[in-house]
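Encoded as structure tokens, the structure appears first; notes follow it.
Rule-based calculations on the coordinates, nothing more; no lab input. Because the structure is a prediction, the values reported are computed rather than measured. We place every Cβ from the backbone using ideal geometry, glycine too, and count neighbours over all the protein chains shown.
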Amino acid sequence: MHIPAFASSRYLRIVRASGWYDLLVTWPFALPWTFAWLYAQLNLLAQALALPGTLHPLDTTHMLLANLLGSVVVVWSVARIVAPSLLLGRLDGVARFLFAAWQVYAVAHGANAIVLGFTAFELLFGVLQWWRVAGVGMAVCPPRLAGLRAQARGA
């Protein structure tokens, strides 16, 4: 079965788009006051949709973890927007599959199902960033780095 490949330019646009998506969705997590507001809005939406599961009241530890996540993802997003590459796309794909797994795990253990809205985008961008790219193997190691590693082994 032949699986079509993305042109390199299209793939890099996908990597950049995933960076923009993450930046737009995640920046509120980076600051305590914007995350508290976002969390309240998500709670209202979950209640309005009568979604199963719980959104617990925020405490200091929840806020810290959300702010750490938001800060790291904002920086990671900017890296993919400014300098998209095959390596960053593949690494982001791995991170998205991990995020999706932990989100599904959380919902299966009582977290509110509103989390699954985020999971859908994690899986979508994860699959797209692991899609075949024309003229490129699946390896995430850039050729320049691979050459340096080969030289180091020979020395």
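Between Ala120 and Ala17, the modelled labels are 1.6 nm apart [label points 7 Å from Cα along Cα→Cβ].
Across region 31-120, Cα pairs under 8 Å and at least six residues apart give a relative contact order of 43 percent. Look at the alpha carbon pairs under 8 Å that are at least 6 residues apart: their mean separation over the length of the chain gives a relative contact order of 35 percent.
Our estimate of slack between Thr60 and Ser8, defined as 0.36 nm per intervening residue step minus the Cα-Cα distance, is 14.3 nm. Only helical runs count toward this figure. For the chain, summing -39,500 (n - 2.57) over DSSP H runs of n ≥ 4 and dividing by all residues gives -24000 deg cm²/dmol at 222 nm. Along region 21-33 the Karplus relation, 6.51 cos²θ - 1.76 cosθ + 1.60 evaluated at θ = phi - 60°, assigns HN-Hα couplings of 4, 4, 4, 5, 7, 9, 4, x, 5, 6, 10, x, 6 Hz to successive residues, with x for each Gly and Pro. In this simple spin-label model, placing a label point 7 Å from the Cα along the Cα-to-Cβ direction at both Leu68 and Trp37 gives a separation of 2.5 nm. For a Förster distance of 30 Å, can you work out the FRET efficiency between the beta-carbons of Leu49 and Trp131, rounded to the nearest 0.05? Once rounded, the FRET efficiency stands at 0.40.
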